[in-house]
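Below: the structure, in structure tokens.
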Amino acid sequence: MGEFNEKKTTCGTVCLKYLLFTYNCCFWLAGLAVMAVGIWTLALKSDYISLLASGTYLATAYILVVAGTVVMVTGVLGCCATFKERRNLLRLYFILLLIIFLLEIIAGILAYAYYQQLNTELKENLKDTMTKRYHQPGHEAVTSAVDQLQQEFHCCGSNNSQDWRDSEWIRSQEAGGRVVPDSCCKTVVALCGQRDHASNIYKLEHY
């Protein structure tokens, strides 16, 4: 009877170990995914960062990289603690899990509470950057980023094409009679921005 209970306990322990190992593998992969998003943002979307007035958005990408790294380290630690059965490692692992869980709750609450405010702020910052820095001396990176943004996402302006009416460049002689930049056009050719008809430009109205 005692031998049967011992085997049952051993079997249960082994099953628990493999269950925890599987969980930690998934946890590690989730951390890798989060880190990859942060690196992808910094590597491939870094051109758009110049359009944002606030450094908060750049910091967010770095936070994703750090958070992903922490989650991956925690996953590896969990695997080691599970198979080596060291209580100190297990305690540290569960403390890190608790901290990550609490931070996720806080991040979720803040994201829900400030989403609309951040969305409005982002639009206003983007519009301000477009109208004041587009085609201005020393802001070549902004000009290139705006053109790339409008062509890639098939849009014109931050909210809509009328945003460009406030542009310092559009109001100047250098614009050559354009009412929107050429990058708003569905087919980009020189001076195509002189006509802002829906058949010519990406006239999607976002409010």
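The values are calculated or read from the model by the stated rules, or taken from the named source; none is laboratory data. If you're wondering where the values come from, they're calculated on a predicted model, not measured in any experiment. Positions of Cβ are backbone-derived with ideal geometry, glycine not excepted, and every protein chain shown enters the neighbour counts. With ligands, DNA and RNA removed, areas are computed over all heavy atoms of the protein, side chains included. Shrake-Rupley method; radii C 1.70, N 1.55, O 1.52, S 1.80 Å.
So here's what we get for this one:
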| read-out | value |
| --- | --- |
| Which numbered condition R178 fails, given (1) over 15 Å from K127 (Cβ atoms); (2) outside any loop (DSSP other than H, G, I, E, B) | (2) |
| Which listed residue, of I109, I100, I201, I105, is touching a residue at least 24 places away in the same chain (Cβ under 8 Å), under 30 Å from V76 (Cβ atoms) and out of contact with any Pro (no Cβ under 6 Å at 6 or more places or on another chain) | I100 |
| Cβ-Cβ under 7 Å pairs, at least 6 apart or on other chains, region 15-31 side touching a residue at least 12 places away in the same chain (Cβ under 8 Å) and farther than 22 Å from E104 by Cβ, far side among the aromatic types (F, W, Y) and assigned to a helix (DSSP H, G or I) | K17/F83 |
| Scan of region 157-200 for residues that are open to solvent by 30 Å² or more (accessible area, probe 1.4 Å), among the small types (G, A, S) and more than 33 Å from the chain's Cα centre (by Cα), ordered by number | S172, G176, G177, A190 |
| Number of positions in region 150-199 that are more than 12 Å from H135 (Cβ to Cβ) and of a type in the set (K, R) | 3 |
| Which numbered condition V142 misses (of (1) among the hydrophobic types (A, V, I, L, M, F, W, C); (2) open to solvent by 20 Å² or more (accessible area, probe 1.4 Å); (3) part of a helix (DSSP H, G or I)) | (2) |
